[in-house]
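Notes follow the structure.
The values are calculated or read from the model by the stated rules, or taken from the named source; none is laboratory data. From a predicted model like this one, the values you see are computed outputs, not experimental measurements. Heads up, the Cβs are rebuilt from the backbone with ideal geometry, glycines too, and the neighbour counts pull from every protein chain shown. Just the protein is used for accessible areas: all its heavy atoms, side chains included, with ligands, DNA and RNA removed. Shrake-Rupley method; radii C 1.70, N 1.55, O 1.52, S 1.80 Å.
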Amino acid sequence: FLTAEDACGGTMRGSSGIISSPNFPNEYHNNADCTWTIVAEPGDTISLIFTDFQMEEKYDYLEVEGSEPPTIWLSGMNIPPPVISNKNWLRLHFVTDSNHRYRGFSAHYQG
């Protein structure tokens, strides 16, 4: 079981784990730019379930690649629906601007 709290990005392996924005549940940093890649066994898909989500609308966002549609762009204050990969990987790219900080996001994934 892996936790990527302090790391701003990295590669996550294993059948399940948690990915949170830096500092979660406290406020994330300004000018963050973090990329996590979740890699499951070949042939497996990954489901990503958000448990918390709070970002400055439009200016701070989480981009998810590897599902349908190919790129999902998430922002704002609502918890997004689960994301299911269509291959054995998902990539999460978290970007924040230079003002207004919120709690960010936390999600758990399952291969």
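When you work out D = kT/(6 pi eta Rh) for the chain at 25 °C and 0.890 mPa s, using the Kirkwood radius from C-alpha pairs as Rh and the Stokes-Einstein form, the result is 180 µm²/s. Applying the Karplus relation 6.51 cos²θ - 1.76 cosθ + 1.60 with θ = phi - 60° to the range 58-70 yields 3J(HN,Hα) values of 6, 9, 10, 8, 10, 10, 10, 10, x, 10, 10, x, x Hz, where x marks Gly and Pro. Relative to a virtual label point 7 Å from the Cα of residue 31 in the Cα→beta-carbon direction, which members of the range 84-98 show backbone nitrogen distances below 19 Å? Only 94-98 fall inside the zone, counting backbone N under 19 Å.
Would you mind pulling out the separation of the Cα centroids of the range 16-34 and the range 55-103, in Å? With the range 16-34 and the range 55-103 each reduced to a Cα centre, they are spaced 12 Å.
Quick check: at a probe of 1.4 Å, how many percent of the accessible area of the range 23-108 sits on carbon and sulfur atoms? Roughly 48 percent of what the probe reaches on the range 23-108 is carbon or sulfur.
Accessible surface for the range 61-100, divided over its residues, is 52 Å² per residue with a 1.4 Å probe.
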